[in-house]
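The values are calculated or read from the model by the stated rules, or taken from the named source; none is laboratory data. Everything numeric here is computed off the predicted structure, so don't read it as measured data. So basically every Cβ, Gly included, is an ideal-geometry build from the backbone, and we count neighbours across all protein chains shown. These area figures cover heavy atoms from the full protein model, side chains too; ligands, DNA and RNA do not enter into them. Shrake-Rupley method; radii C 1.70, N 1.55, O 1.52, S 1.80 Å.
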Amino acid sequence: MKRILSTILISLLCLCGAMAQPSAVKNVAKSVFALKAYDAEGKQIASTNGVFLSADGTAACPWSAVCEAARVEVVDNNGKTYPVTYILGASELYDVCRVHVDIPKAVAAVTATDAAPKGSKLWLVETADKRTQTTQYEVDKAETFMDKYAYYVFDYNNHKPVQGSVFVNEKGQVVGLMQQSARSLYANAVDVRFVSTLAASHLDINNSLYAKTALRLSLPTDKQNALLMVMLAAECKDKAKYEGYIADYIKQFPKEVDGYATSALQKLTNNDWQGADTDMQTALKVATDKAEAHSEYARVIYQKLIYSADTTFTAWTFQRALAEAEKAYSLNPQPQYLHRVAQIKFSMGDYSDACEKFLSLAKKDMPTSEVYFEAAQCKTQLGAPKAEVLALVDSCLAVAPRPLTNLSAPYVLVRAQLYEQMEEYRKAIADYNTYDTLMYGRATAAVYYARHKCEVAVHQYKQALDDLAHAAYIGGADAPLYLAELAALQLRVNMNEEAVKTSDLCLQLTPDNSDAYIIKGLALVQLKRKAEALSCFEKAKELGDDRAEGYIKKYK
């Protein structure tokens, strides 16, 4: 009976508190909204409250309500629904976030400038189904965090509040965002001043905190930081989110070419050629920098022609790409635009003109590794002496940043191959070694095979044997080829037992490998095991190897 009376008394006290609320508290209801979050299938996964912090739609709400949502919307005091479009910042620790709601004009709450002291009366303002409820609470304690913000703990109240509702003081100022304790019946609140400071930077885009939600971060107002953010978004695995960031950039910077070009290149990955073309046509119409628009149009066309085998979209040709690139250069004769012209010329097979342009750029405006290398490729296609090609590759590496990195590895590899072709094997080995180092020992089997040939040429047999063994280890489907070569080299340097074992390993992988039978037979001859050797030669003969009959006659 006493328990029932206590409950009735507490309820009456709460009712009296609600009835005694200052008129300023009622006005906050216009700023409080109901929030609903949905998953990708449209199922509602959260229902909370939140509050508008500014007229432009900036709002505060619980982070747990939106952190895994595919779609979030709010219902304002008038019953109208608006989407939540961006996350502005979040704190997982305090379960609060600042978001942007796409609303023409919100009724912003006034936030308190000071923390509410212990013992002060606050009113909890909640909304649901266009109805607002206020309940009076008393601050039991206000714990300070980050030296200036308050985390409130309230006296016991049997009222069951809605997460994200706001606590308001007698002046109608929002003090904190409500959090129901999971471990007790006591309500808590996070200082709204703290929520107002939450701001994610453009570098937070790949932060795991924001990875689960489909909501995007807002782009910075600075163009370069916004573009960097879009570039970082490309590294995310969420394709829809990335495309959303591109659309955000175009909306925020409608006269910049970068957004349209990025959108077009993304559409290339979806084989949406017409969509990409539309993007670049729009860029030509609205972009401030027309030369850049023509150049990027040329780049988009060029990318499609180089990397796609599609032949159905006939509007794009190398001639069209060249025309756009040349138009860009005629509007603004910048080196990068001429570079684009030269690259397209190369792809069209006009190696002489392309080479001339690459060399002019290398000598004056763009003395970069890429340009020297492209000139070297032109020389190769024109059948120039290897010494001329080598000189350009030398220049390519000479201007590369020091110390060399894996970005320069392809140039080192090409020079190694040139030295090998010119029979300068020791220089080739040195470059193959450098390439291996730059690739952190992860070169392809073909590279180790090539280096072994140079090592054999200068009688570095141990190194050659090691390279062949490694090539066989990482060679995949080509492993039998490398094993046969290894066995042959072992036979050559009189490692006959090893040659037999390597041949057997090769035959395990390819039982009909006549080369392995011949090599094994010759090794067995050296080991004075002629009967076994003849058996190997007979097997090679059965497999159609013309050499086998001669060996049978010789050693029978």
One residue is enough: does the stretch 505-514 have a residue meeting the conditions among the acidic types (Asp, Glu) and in a helix (DSSP H, G or I)? no
Index of the failed condition, residue 90 passing every other in (1) open to solvent by 30 Å² or more (accessible area, probe 1.4 Å); (2) at pLDDT 95 or above; (3) within 27 Å of the chain's Cα centre (by Cα): (1)
Filtering the stretch 93-124 down to residues that are of a type in the set (Val, Ile, Thr) and open to solvent by 50 Å² or more (accessible area, probe 1.4 Å) yields 107, 110, 113
Looking only at the stretch 159-175, filter to residues that are touching a residue at least 60 places away in the same chain (Cβ under 8 Å) and not in a loop (DSSP other than H, G, I, E, B); which one of those is nearest to residue 235 (Cα to Cα)? 166
Would you point out the residue of the stretch 47-87, among those that are open to solvent by 30 Å² or more (accessible area, probe 1.4 Å) and polar (S, T, N, Q), that is nearest to residue 200 (Cα to Cα)? 85
Mind checking which pairs have a first residue in the stretch 469-482 that is farther than 15 Å from residue 510 by Cα and open to solvent by 60 Å² or more (accessible area, probe 1.4 Å) and a second that is at pLDDT 95 or above and assigned to a helix (DSSP H, G or I), Cβ under 7 Å, 6 or more apart or different chains? 470/448; 474/445
Of 387, 375, 391, which residue is of a type outside the set (Ser, Thr, Tyr) and either open to solvent by less than 30 Å² (accessible area, probe 1.4 Å) or over 20 Å from residue 411 (Cα atoms) (or both)? 375
Residue set 432, 461, 449; condition aromatic (Phe, Trp, Tyr) and within 32 Å of the chain's Cα centre (by Cα); output residue 432
Look at the stretch 23-51 and say how many of its residues are of a type in the set (Gly, Ala, Ser), outside any strand (DSSP E or B) and farther than 20 Å from residue 196 by Cα. 4
Test result for residue 490, open to solvent by 40 Å² or more (accessible area, probe 1.4 Å), of a type in the set (S, T, N, Q), modelled with pLDDT of 95 or more and within 19 Å of residue 537 (Cα to Cα): no
Looking for whichever is more than 27 Å from residue 547 (Cα to Cα) and basic (Lys, Arg) here; the options are 442, 492. Which one fits? 442
